Amino acid sequence: WSKDGTPLTDSDRFQMVANGGQFTLSIPVALSTDSGCYQLVAELNGAKETAAFALQILPGEDVNQKDLQSILDQHSE
């Protein structure tokens with residue numbers, strides 16, 4: 001995972017999980033500074049896939065993990 005071209009590391013701020021062919025990035029407490037372009041580059045069984053999305057967190061907006069997953073699910077369909 002990367003944000004605005006900078007690789008992310010697993011931490012309290014960003015939690016990354018790879019489970020087979022499913023890759024998840026969690027931001028438990030999303031801040032307006034987390035807005036940006038996120039990209040995943042995954043290699044599995046010799047195949048390389050990329051996924052990218054733009055995330056905008058507005059100041060004062062509460063976003064919980066369930067709401068974020070719902071948004072991501074809508075864009076992946």
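The values are calculated or read from the model by the stated rules, or taken from the named source; none is laboratory data. These numbers come from a predicted model, not from an experiment. Cβ sites come from the backbone with ideal geometry, for glycine too, and all protein chains shown count toward neighbours. Just the protein is used for accessible areas: all its heavy atoms, side chains included, with ligands, DNA and RNA removed. Shrake-Rupley method; radii C 1.70, N 1.55, O 1.52, S 1.80 Å.
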Subject >> Checklist (1) loosely packed, with under 11 Cβ neighbours inside 10 Å; (2) at pLDDT 90 or above applied to Gly21, failing item >> reply: (2)
Original post:
Are there any pairs with C-beta distances below 6 angstrom linking a residue in the range 30-53 that is modelled with pLDDT under 90 to a residue that is open to solvent by 80 Å² or more (accessible area, probe 1.4 Å) and not small (Gly, Ala, Ser), with the two at least 6 apart or on different chains, and if so which?
Top reply: Ser32/Pro59; Ala42/Glu49
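Per-residue answers, yes or no, for (1) assigned to a strand (DSSP E or B); (2) within 9 Å of the chain's Cα centre (by Cα); (3) within 18 Å of Gln69 (Cα to Cα):
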| site | (1), (2), (3) |
| --- | --- |
| Asp10 | no, no, no |
| Arg13 | no, no, yes |
| Ala18 | yes, no, yes |
| Pro28 | no, no, yes |
| Tyr38 | yes, yes, yes |
| Glu43 | yes, no, no |
| Phe53 | yes, yes, yes |
Original post:
So is Leu58 open to solvent by less than 80 Å² (accessible area, probe 1.4 Å), out of contact with any Phe, Trp or Tyr (no Cβ under 9 Å at 6 or more places or on another chain) and at pLDDT below 85 or not?
Top reply: no
